[in-house]
Amino acid sequence: MNIKIIVDSGADLPLEIAQKYNIDILPLSVNLEGKEYLDGVSILSKDLYENMRKGSVYKTAQIPFQTFKESFIKYARLGQQCIYIAFSSGLSGTYHTAIMAKNEILEEYPDFDLDIIDTKAASFGCGLIAYYAAQMIEKGKNKEEVVEAIHFYANHMQHIFTVDSLEYLFRGGRVSRTSAIVGGLLNIKPILHVEDGKLVPLEKMRGRKKLLSRMLDLMEERGVDLSNQIIGISHGDNLEMAESFKKEIQKRFHCKEIIITMIGAAIGAHAGPGTIALFFLDEKIPKNYKH
């Protein structure tokens, strides 16, 4: 394609989509007991979740400056137009590091045509934005049109998600130890969303069935023209529940496309196994963005 899309592994973009549209994925780092792994390269999310269930505690790190520099300079030398669709700056310093790398490269290659967009989105919310953009590029849209559309999708991407255990959010500093213990004893599951690029608790539910139903209600309340958009479902090694959601979403909203993907190691290290997330738009897609 005449425009190169770059994402980071925080986008949880399915490999088949990345391969089909020749999208570069730059891996975030995952650290366990002093040993560093690259998300999706030297550690698979399935292994991470299995180890977390056994008590392993992972830490994560942003993409290093040098990784961005090497990636960007390759395309600068080729005179390639590029768009880096970045994971939320509210959750990682990766976006700001990318900006620094771009500024340094522009000193040597002042004509390098690179847009870096902070999506304020996470997981497959960010990945869906990249997917929409790739489809537009394939249809021959120019870079200005694609960048404009990316901003639209970023501004209107909804995230509704839950975690299986509050323990992992406690480890990441998202909830208190008391909340984690009480939540576990009473089978309380939080519903969270993303607001201005940050994770924000929304509601608390008891029991899996009520939780599933409430998440779909929130989707109906917030979603616009759901039948004509792509719906994303990401999960932390919880395919059975993801498939249940897909079936219910299809029955309720008759969506044209629903994609299920597993949450990668970088996001999964914080959310934990059993996480389920829904991604959809709260605005009708403009006709000129249709693919």
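The values are calculated or read from the model by the stated rules, or taken from the named source; none is laboratory data. Please read these numbers as outputs of a predicted model, since none were measured by experiment. A quick note on method: Cβ atoms are made from the backbone with ideal geometry, for glycine too, and the neighbour counts reach across all protein chains shown. Side chains included, ligands, DNA and RNA excluded: accessible areas come from the protein's heavy atoms. Shrake-Rupley method; radii C 1.70, N 1.55, O 1.52, S 1.80 Å.
Annotations for the structure displayed:
- Any chance Gly55 is surrounded by 24 or more Cβ atoms within 10 Å (Cβ to Cβ) and not in a strand (DSSP E or B): no
- Residue that is modelled with the highest pLDDT, among those in segment 76-112 that are part of a loop (DSSP other than H, G, I, E, B) and hydrophobic (A, V, I, L, M, F, W, C): Phe112
- Annotation note: of Thr119, Thr162, the sole residue that is within 28 Å of Arg222 (Cβ to Cβ), out of contact with any His (no Cβ under 8 Å at 6 or more places or on another chain) and at pLDDT 95 or above is Thr119.
- Leading residue by the ranking (nearest to Leu15 (Cα to Cα)) among those in segment 84-113 that are touching a residue at least 40 places away in the same chain (Cβ under 8 Å), touching a helix residue (DSSP H, G or I) at 6+ places or on another chain (Cβ under 9 Å) and open to solvent by 10 Å² or more (accessible area, probe 1.4 Å): Phe87
- Where Ile150 falls short, out of the listed (1) open to solvent by 30 Å² or more (accessible area, probe 1.4 Å); (2) part of a helix (DSSP H, G or I): (1)
- Of everything in segment 227-244 that is modelled with pLDDT under 95 and within 14 Å of Met215 (Cβ to Cβ), the residue that is nearest to the chain's Cα centre (by Cα) is Asn238.
- Condition met for Ser71 (touching an Asp or Glu at 6+ places or on another chain (Cβ under 7 Å) and either part of a helix (DSSP H, G or I) or open to solvent by 10 Å² or more (accessible area, probe 1.4 Å) (or both)): yes
- For segment 28-52, the set of residues classified as open to solvent by 70 Å² or more (accessible area, probe 1.4 Å) and part of a strand (DSSP E or B) consists of Lys35, Glu36, listed by residue number.
- Selected residue (criterion: nearest to the chain's Cα centre (by Cα)) from residues of segment 92-129 that are closer than 11 Å to Met157 by Cβ and small (Gly, Ala, Ser): Ser123
- In segment 15-27, the condition of being open to solvent by less than 30 Å² (accessible area, probe 1.4 Å) and free of Cβ contacts under 8 Å to residues at least 12 places away in the same chain is met by at least one residue.
- Enumeration of residues in segment 267-284 that are at pLDDT 95 or above and open to solvent by 10 Å² or more (accessible area, probe 1.4 Å): Asp282, Glu283, Lys284
- Residue check for Gly232: under 19 Å from Ile129 (Cα atoms), of a type in the set (Gly, Ala, Ser) and out of contact with any Phe, Trp or Tyr (no Cβ under 9 Å at 6 or more places or on another chain): no
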